[in-house]
Amino acid sequence: MRIFLISLFSFCLFFSCTKKDNIVSKTISTKEEAIEIYKEALEAMDEGQYLVASKKFDQSERMLPQTDWAAKSSLMSSYCMYALNFYDEAVVNLQRFIKVYPADPNIDYAHYLIAISYYEQILDEKKDIQPLILSRNTMEDFLIKYPDTDYAIDLKFKLDLILNQMAAKEISIARYYIKNEKWIPAIKRLKIIVKKYDDTIFVEEALFRLVEIYHRIGLDGEAKAAAALLGYNYNSSKWYERSYKILNADYEPLKIEKDNNETSLVKRTLKKILKMND
């Protein structure tokens, strides 16, 4: 019986060691195969075959889940979707990457690529505004999370362009209302520009249009306040000059002395304009 038990133990030990060796060997083989597929995907990318590359990256990720190679494969697959202009698919893949690999050192790039994917779908201010909103929100979130990255410089520039496009859409709608003498809706649109897009090129025209509308409907106090704000910030602007052609010849601009708290002063003046129909 003792001999039998020793033999049985030896057999089990040998079988266990053999099984472990096979698992290790298989793991090594799988890793080598996954890396080889990853290299093939890179070659396909270099040749511009992004769809082929994306599929190979996906295959490589599946073979080595939760490893550095898997994370790289997932991110590269997402880039391939972006390169093919498959923006929706790219965003979905990138969001999955962020969820599955939250500690990856390239997580900021994934967020950046999502913002760029939305940005690339922007056509012009007269069409669907949703890509503009998504792109703006994503960029603003990125700049809060990763303000000191190289990507932040690029996104700051693109964010300025987006804000100008959104302001352009608002001014376009306001012009339509003005043309059709719909004063209240026009005022609301113009106020949006003054409130939200005061750093864009359209704020000057928005203030002038407010002067124009307020004067026309008999609200001279509001017209003068808008003209004062326009003159205070843009006294060399053509819109500032045009505002005085609207107001009567005896009108003298409000004298505003600049102090060290300019932002506060601008906001105080702004309240005079925004108090109507908020």
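If the condition is being under 18 Å from residue 108 (Cα atoms) and of a type outside the set (Ser, Thr, Tyr), then region 55-80 contributes 68, 69, 70, 71, 72, 75, 76, 80. Of all residues in region 60-83, none satisfies being out of contact with any helix residue (DSSP H, G or I) (no Cβ under 9 Å at 6 or more places or on another chain) and modelled with pLDDT of 90 or more.
Would you mind stating whether residue 33 is farther than 30 Å from residue 139 by Cα, charged (D, E, K, R) and at pLDDT below 90?
Working: farther than 30 Å from residue 139 by Cα: yes; charged (D, E, K, R): yes; at pLDDT below 90: yes.
Answer is yes for this residue.
When we screen 218, 231 for residues that are without any contact (Cβ under 8 Å) to a residue 12 or more places away in the chain and over 26 Å from residue 158 (Cα atoms), the only hit is 218.
In this structure, is residue 171 at negative phi, in a helix (DSSP H, G or I), in contact with a Leu (Cβ under 6 Å, 6 or more places away or on another chain) and at pLDDT 90 or above? Judged against the criteria, residue 171 is not a match.
For region 213-243, the set of residues classified as over 18 Å from residue 187 (Cβ atoms) and not in a helix (DSSP H, G or I) consists of 234, 235, 236, 237, listed by residue number. Taken over region 183-207, the criterion of being among the hydrophobic types (A, V, I, L, M, F, W, C), surrounded by fewer than 22 Cβ atoms within 10 Å (Cβ to Cβ) and farther than 20 Å from residue 234 by Cα is satisfied by 183, 184. In the set (1) surrounded by 21 or more Cβ atoms within 10 Å (Cβ to Cβ); (2) modelled with pLDDT of 90 or more, the condition left unmet by residue 230 is number (2).
Checked against (1) surrounded by fewer than 21 Cβ atoms within 10 Å (Cβ to Cβ); (2) touching a residue at least 12 places away in the same chain (Cβ under 8 Å); (3) in a helix (DSSP H, G or I), residue 210 passes all but condition (1). Determine whether residue 177 is crowded, with 16+ Cβ neighbours inside 10 Å, under 20 Å from the mean Cα position of the chain (by Cα), modelled with pLDDT of 90 or more and part of a helix (DSSP H, G or I). Considered against the rule, which asks whether it is crowded, with 16+ Cβ neighbours inside 10 Å, under 20 Å from the mean Cα position of the chain (by Cα), modelled with pLDDT of 90 or more and part of a helix (DSSP H, G or I), residue 177 comes out as no.
Residues that are farther than 26 Å from residue 47 by Cα, surrounded by fewer than 21 Cβ atoms within 10 Å (Cβ to Cβ), under 16 Å from the mean Cα position of the chain (by Cα) and of a type in the set (A, V, I, L, M, F, W, C): does region 104-117 have at least one? Taking every residue of region 104-117 in turn, at least one turns out to be farther than 26 Å from residue 47 by Cα, surrounded by fewer than 21 Cβ atoms within 10 Å (Cβ to Cβ), under 16 Å from the mean Cα position of the chain (by Cα) and of a type in the set (A, V, I, L, M, F, W, C).
The values are calculated or read from the model by the stated rules, or taken from the named source; none is laboratory data. Just so it is clear, the model here is predicted, and its values are computed rather than measured. For neighbour counting, all protein chains shown are included, and Cβ atoms are generated from backbone atoms with ideal geometry for every residue, glycine included.
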